[in-house]
């Protein structure tokens with residue numbers, strides 16, 4: 001924390017004080033006054049003092065010291081504002097004493113298990129996750145041992161009940177759910193180099209990998225859309241749209257707000273509202 005003052009220009013014949021030397025000269029010329037030695041102005045409240053001792057005592061009593069960035073020497077009113085500046089401008093994590101190459105890199109670091117731990121708890125089993133995306137994928141993929149009946153379809157129906165205005169969920173008229181058939185590729189999927197999906201032509205090293213792809217939501221109907229109207233992206237799973245929002249790519253909301261909204265929706269009766 002730096003005890004920093006702002007140079008002030010004082011009049012010796014009256015209580016007038018100025019932040020600009022020319023203003024003091026103009027005042028003295030018109031009032032036939034004389035300038036005083038430079039004063040000490042508080043950067044927080046702009047109060048001016050004639051001695052450094054008075055200024056220091058003011059800072060101590062009022063707590064008006066400023067926080068200085070040791071990277072660029074800019075001054076900030078609080079440590080919280082300084083930390084935000086160092087993250088967003090210098091991509092610097094003070095806790096880890098580490099610089100990052102971009103704002104996205106440091107945000108991923110700050111939202112990782114290193115800083116957040118595993119705060120998002122599954123409402124049905126003891127599993128915990130670092131982000132809402134992880135917990136949602138756990139439920140949506142049917143991986144929760146205490147809620148094996150949950151899947152992409154049942155999660156969508158739950159979200160629709162919490163999202164009557166269709167803020168993130170699509171209003172699919174006549175939607176009857178995803179086909180429960182299991183798809184298995186045949187030898188005809190082998191093109192001589194890889195196992196190829198006939199729908200998207202994506203290649204896989206094994207037939208098992210192709211089967212997983214065919215039975216995933218990859219070619220299913222989009223169920224969700226980004227709440228940011230200028231974004232226009234659609235998503236097939238709740239985990240996918242949550243991951244999109246957590247990335248803050250389109251600016252629809254902040255990472256922390258995503259966590260709070262999903263926690264409130266899953267653990268309470270809150271309707272979706274961003």
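The values are calculated or read from the model by the stated rules, or taken from the named source; none is laboratory data. This is a predicted model, so every value here is computed, not measured. Glycine also receives a Cβ, built like all others from the backbone with ideal geometry; neighbour counts cover every protein chain displayed.
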**Report entry** Unmet criterion (only one of (1) under 30 Å from residue 125 (Cα atoms); (2) touching a helix residue (DSSP H, G or I) at 6+ places or on another chain (Cβ under 6 Å)) for residue 195
**Finding:** (1)
Requested in this report: Only residues that are closer than 30 Å to residue 229 by Cα, in contact (Cβ under 8 Å) with a residue 12 or more places away in the chain and in a helix (DSSP H, G or I): list them for segment 156-210, please.
Outcome: 156, 159, 162
**Report entry** Extreme residue, surrounded by the most Cβ atoms within 10 Å (Cβ to Cβ), among residues of segment 169-188 that are touching a helix residue (DSSP H, G or I) at 6+ places or on another chain (Cβ under 6 Å) and on the phi < 0 side of the Ramachandran plot
**Finding:** 169
Report task. List the number of the failed condition for residue 136; all other conditions in (1) surrounded by 14 or more Cβ atoms within 10 Å (Cβ to Cβ); (2) assigned by TED's automatic domain parsing to the domain that holds residue 261; (3) free of Cβ contacts under 8 Å to residues at least 60 places away in the same chain hold. Result -> (3)
Requested in this report: Would you check if there is a residue in segment 218-231 being part of a helix (DSSP H, G or I) and under 36 Å from the mean Cα position of the chain (by Cα)?
Outcome: yes
Report summary line: When segment 24-46 is checked residue by residue, the ones that are modelled with pLDDT of 70 or more and in contact with a strand residue (DSSP E or B) (Cβ under 7 Å, 6 or more places away or on another chain) are 27, 28, 33
